[in-house]
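What follows is calculated from the coordinates using simple rules that are stated; it is not laboratory data. Keep in mind that what you see is a predicted model, and the values were worked out from it rather than measured. Don't worry about glycine lacking a Cβ; one is built from the backbone with ideal geometry, like all the others, and counts go over all protein chains shown.
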Amino acid sequence: MTIAAPTFEPFPTMTPGRQLVGVLPTSAFSAQSALLANPATAVVLSSRPTPTPNRAACPALLGSAGLPRRPTTLDEAKGAVLRFLQEGGGLTALREGIRVRWQMFGQEGYALDTVDLTGEGVPEIVLGWSAPGRVGVLHVIGCRDGLYEFLYEFFSGGTEPPRLLKAEDLNNAPPAELAFAAVTCDTRGNCEYTTQVLAWDAFSGRFRSLLAMPLNTLQQPEFRDVDGDLVQEIVINMQSNGNSVTGPLRRGVHIYDWNGSSYVLSIVQLEPPRYYIQIAHEGDRQFSQLRMAEAAAAFQLLAESEGLRYWFNDEAEWLRSYALYRQLLAYAYLNDPRQGDVFAEIITQFPLVEGGEETLPVYAQMAYRFLEAVQRGEGLHQACREVLQIVDERREALTRLNRYGSRSPTYSALDLCPF
């Protein structure tokens, strides 16, 4: 059987590709224009030194220098690298010197000089290595006015350097971009990628991020032209159901498209939830946005769904009571008469027995307390104040919800009754 490649809807973001940037003349130009009628004055003005650094005049890397003994600090190592390049040391010799003489290349080190990242016509050196102190670091080294210098520095947070993903023109707007990811793994082998995409800003003379914030993913991002516009999109294929660190995750695809100045999230395609708690999280998200009708529908779906999985073995009973409690709050906010139907369902599934409300699941007790206050005419605010007293007394109201990992919502007491 042949599996067809997935298709995507037309991209909502505009992809202009290249940009033309110019500087308009100032009023000072008109003041000097009369002087330019004199040829001698024009020559003098045109010969004035420019503040723009010359990044093309670099010492030739002829391989005629050598690295000193193994450095003990990062600053010492950086100084030795710059002296090596300034004296004409070649990239191959630098790579082998760091790998063999210094033994600081790690398992994933790299050194390349094939890409012009600043648009000056001369490739920069991209160096990823395990610096002194077993610190993984990425450096971009360039040349200005005949002197080599470090243009960029990024620490991976581990012993290995960030993984180099792309060093090429990604958005059809030269010069090239630099994409890399810091990879962190726990003792169980669960890894996370923190991806950065950088471009050179000639006006500020430094690299800037093309992402509003780094991408934190469990899979390494892909760069490919999804819609055939000569611009590579960032594609996040989310194939993990989650783990003990992240909690349950929705599978699907996120695509970041170029909008002319940065990469923005353009397409989200998610598979249906696999776990009951994911429906609860979606309902709570809508609830927090005051989309109460949608929230109530989500919790109704949670109550009626079959065939999904529980993330924890003890979820079945309390999730049923939680769904009914949240439905009750949503309908009360909307002044929807269906709140009476929901409360009748609560009484049926969680009847009061000898011993009182304290013997009920905590969310069922919260539902009883809330509706009793509303029926006394105390209003939503006072009803929530009484409910929050239960949350203070029975901490499982929060601990049950806040045990689902780093990628799941974090609840406070007010989230449980915010009116």
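Below is a table of values for the structure above.
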read-out: Estimated FRET transfer efficiency when R0 is 30 angstrom, pair Asp415-Ser209 (beta carbons, to 0.05); value: 0.40
read-out: FRET efficiency for Glu87 and Arg251, using Cβ-Cβ distance with R0 set to 51 Å, rounded to 0.05; value: 0.45
read-out: Extended-chain gain in nm, criterion 0.36 nm per residue less alpha-carbon gap, Gln375 and Gln220; value: 50.4 nm
read-out: Sites Ala316 and Asp186 - FRET efficiency at Förster radius 41 Å, r taken between beta-carbons, to 0.05; value: 0.90
read-out: Restricting region 314-404 to GluC sites (Glu not before Pro) in coil, as DSSP defines it, with at most 11 other Cβ within 10 Å; value: Glu354
read-out: Distance in nm between pseudo-label sites at Ala344 and Arg309 (7 Å out along the Cβ direction from Cα); value: 3.7 nm
read-out: Cα shape, region 55-173, gyration tensor, a/c 1.5 rule; value: oblate
read-out: Cut-off under 5 Å, modelled amide H: who pairs with Val115 long-range; value: Glu124
read-out: Loop-located chymotrypsin sites (Phe, Trp or Tyr not before Pro) in region 183-241 whose Cβ has at most 11 other Cβ within 10 Å (DSSP); value: Phe203
read-out: Segment Leu352-Val100, length gained on full extension (0.36 nm per residue, minus Cα span); value: 83.2 nm
read-out: Karplus-derived 3J(HN,Hα), 6.51/-1.76/1.60, for each residue of region 372-378, Hz, glycine and proline x; value: 4, 5, 5, 5, 7, x, 8
read-out: Built amide H within the under 5 Å cut-off of Phe105, gap 5+; value: Ser130
read-out: Whole-Hz couplings from phi, Karplus 6.51/-1.76/1.60, listed for region 82-93; x for Gly and Pro; value: 5, 5, 4, 5, 5, 8, x, x, x, 5, 4, 5
